[in-house]
Amino acid sequence: MKNVENAKSASYVQINHEIRSIFAKEGVILLSSPEAYETLEWTRKYFSQKPIEGYFIWVKKTVEHPISTCFTISSQEVYQNPTNLVVVDKGVVAEIYSICNAAKPILNAEHKGYSKVILKENSMLKMKHFHNWGKNDHVLSSIEFILEKGAKLSSFYKCLNPPKKFEVESKTTLDDESSADFETAVLAKNGEIEMYDSLFLNGENSSGMIKLRMISDENSKISSHSKIVAKGYGKGHIDCMGLLLSESSFISSIPELVNANKNAVLTHEAAIGKISEEELNYLRSRGLSKDEAVNLIVTGFLGEASA
Amino acid sequence: MFKIKNLSVKVNGKDVLKNVSLEIEEGEVHALLGPNASGKSTLTYSIMGFPEYEIVHGKILFEGKDITQLPIEERAKLGIALAFQNPPAVKGVKLSHLLKRISKQPLDMNYFSADNNLLEREINVGFSGGEKKLSEIMQILSLKPKLAIFDEIDAGLDIINLEKLMWIIQDKLTRSGVSLLLITHRGNILQFLEPDVAHVILHGEIVCSSRNWRKTWRTILRFGYEKCRECKERELCSN
């Protein structure tokens, strides 16, 4: 383990089971999860059991630069099982960039990550999470967000180099006046992706949005289950769009809205289909090949062609 | 430089174009006139090579090369550009992003200074009729074509925007020697661009090709398109 003193931002890098660097900046406590469990007794209530590996980030002051975390698997048949805990203190604004990846295309690796993120009153967190895996890997990513009163979360989650099997779960509970926006983009190819997202609008005047962009390429299957439950007055929206690129593609999207408050408004929209020939021909008439036109439409679909 | 020889085209198994022939020389402006469903758009999409337009007979030649079987993008790369009448929306892709990808020459923004915001919007998503036409002309100019086809560029445009587009076409295309094929219903565009040849298409056949567009247009205004069929026989619109 080494500290990178001159780094601008707090960071955590783990390769296989070894922590390669861990660096805490002023205002940010950054420890391994096992160390946090041992030394900070209050954290134990957030861990379901003693963690084996993973990080603990406690953002106590607003920091200028994003905090970064990285889990990499670089050897054959490694099984990573990190448990992470993030706490953003009252009124603090933070940004976290996370990467989980395999260093090589065929490692037969397994990564099961469990994270819990606590946003204290009126705090704000922007989280960007990127997955990049090999074609034989198995990955489970489970994350729970707890938003206290007035907290704001913006989560951007992306996986365009998918593992063979990818399970993604997120559960978010929102207190009064809090809001959570999720934007997820996944591409499946020769594999399977299952997603379970649930948002619980427990407080008054809370709001949440789940925006899914799914692309299913050859020999792949994507199933998404998105749920918003309103107990208090609030607004929730699910927006699921799927694109099938091959005859052997499959996408299933199941939105669920549960409203237990007559003043809450929950809505959803969904569309799954192939790229329209009209759009393709239009772009081809501008000199783009069929593949280039498909790529442009796909990057547009994923929100990447708006730069 | 561009020649269509005896072209017959089927769409969904139905004969739409019958033995269409026309020839455009370098720098010439041609107008294609015809009522709704006469085959004007079918001709433009066939020229571009859209797969659902099945060429059953005839040839399309561009700069001496037979392009009848070429894919759409190859025709575009050779220098044929089409401004669509109803271009589709491409969600998530900004116009500026597409222009960056396809551009063969920088866009003269002097003409589009009032339309800057269009560049930062997704292509044709929520565009008004006029904005679609502006977006099309921006793309056509960026492609630096040798032959530009305008499919009802005047449809749905107010007179101010129509004039603006005509100025751009004149300044940036015709003056540079670009050949034009204009598909239109209206006289304004003809008056402005003064085509060298006016063709009349009826029920999928070109029934008249005249170097005197005014005479053709007058005949259409006075007697309707159907008259052009007879007109050809009576040589009213002949060269």
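The values are calculated or read from the model by the stated rules, or taken from the named source; none is laboratory data. Nothing here was measured: the structure is a model prediction, and the numbers come from that model. Methodologically, a virtual Cβ is constructed for each residue, glycine included, from the backbone with ideal geometry; neighbour enumeration extends over all protein chains shown.
Brief remarks follow.
- Flag for A:LYS90 being in contact with an Asp or Glu (Cβ under 6 Å, 6 or more places away or on another chain) and under 23 Å from A:LEU119 (Cβ atoms): yes
Table: residues versus (1) surrounded by 22 or more Cβ atoms within 10 Å (Cβ to Cβ); (2) free of Cβ contacts under 8 Å to residues at least 12 places away in the same chain; (3) within 9 Å of chain A (Cβ to nearest Cβ).
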residue: B:PHE62; (1), (2), (3): no, no, no
residue: B:PRO87; (1), (2), (3): no, no, yes
residue: B:LYS94; (1), (2), (3): no, no, yes
residue: B:ARG101; (1), (2), (3): no, yes, yes
residue: B:ARG121; (1), (2), (3): no, no, no
residue: B:VAL125; (1), (2), (3): no, no, no
residue: B:GLY129; (1), (2), (3): no, no, no
residue: B:MET138; (1), (2), (3): yes, no, no
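- Scan of the range B:158-183 for residues that are at pLDDT below 85 and more than 22 Å from B:LEU107 (Cα to Cα), ordered by number: B:ASP158, B:ILE159
- Only a single criterion out of (1) over 18 Å from B:SER176 (Cα atoms); (2) without any contact (Cβ under 8 Å) to a residue 12 or more places away in the chain; (3) more than 14 Å from chain A (Cβ to nearest Cβ) is not satisfied by B:LEU33, namely (2).
- If you check A:ILE251, A:ILE297 for being within 25 Å of the chain's Cα centre (by Cα), buried (at least 21 other Cβ atoms within 10 Å of the Cβ), among the β-branched types (Val, Ile, Thr) and away from every other protein chain (no Cβ under 13 Å), only one passes: A:ILE251.
- The single condition among (1) within 12 Å of chain A (Cβ to nearest Cβ); (2) under 19 Å from the mean Cα position of the chain (by Cα) that B:LYS133 does not meet is (1).
- Of all residues in the range B:141-168, those being outside any loop (DSSP other than H, G, I, E, B) and over 22 Å from B:LEU22 (Cα atoms) number 13.
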